[in-house]
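Undergrad: Before we start, here is the structure in question, set down as structure tokens.
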Amino acid sequence: MARVLISMPESFLGKIDEVADSESRSRSELIREALRSYITRNQVRRSGLADKNAKILEALLD
């Protein structure tokens, strides 16, 4: 598995650690899941935007 170095404020890291500890997970596991969720939401949003744009284009061409 690749390693990634990121920078963030200590206070934010503390919040991440609190959540990870409360869920008995590692910091890395929590961050991986957060990024998976972000990517999925972004793909869904882009797909919805593409559908909206296609409908607008179809209406303009009718």
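The values are calculated or read from the model by the stated rules, or taken from the named source; none is laboratory data. Here the structure is a predicted model, which means the values were calculated and not measured. Virtual Cβ from ideal backbone geometry, glycine too; neighbours counted across all protein chains shown.
Undergrad: Out of all the residues in region 24-38, is one or more in a helix (DSSP H, G or I), surrounded by fewer than 10 Cβ atoms within 10 Å (Cβ to Cβ) and free of Cβ contacts under 8 Å to residues at least 60 places away in the same chain? If you could, list the steps in order and put the result at the bottom.
TA: Of all residues in region 24-38, those in a helix (DSSP H, G or I) come to 27-38.
Those left that are additionally surrounded by fewer than 10 Cβ atoms within 10 Å (Cβ to Cβ): none.
The answer is no; no qualifying residue exists.
Undergrad: Also, quick follow-up: So Arg41 fits all but one of (1) of a type in the set (D, E, K, R); (2) part of a helix (DSSP H, G or I); (3) at pLDDT 95 or above; what number is the exception?
TA: (3)
Undergrad: Starting from region 1-17, take each residue that is surrounded by 10 or more Cβ atoms within 10 Å (Cβ to Cβ) and list its partners that are hydrophobic (A, V, I, L, M, F, W, C) and modelled with pLDDT under 95, counting only C-beta distances under 6 angstrom and pairs at least six apart or across chains.
TA: none
Undergrad: If you don't mind, another one. When residues of region 1-23 are filtered for being in a helix (DSSP H, G or I) and not hydroxyl-bearing (Ser, Thr, Tyr), how many remain?
TA: Looking only at that region, the number is 11.
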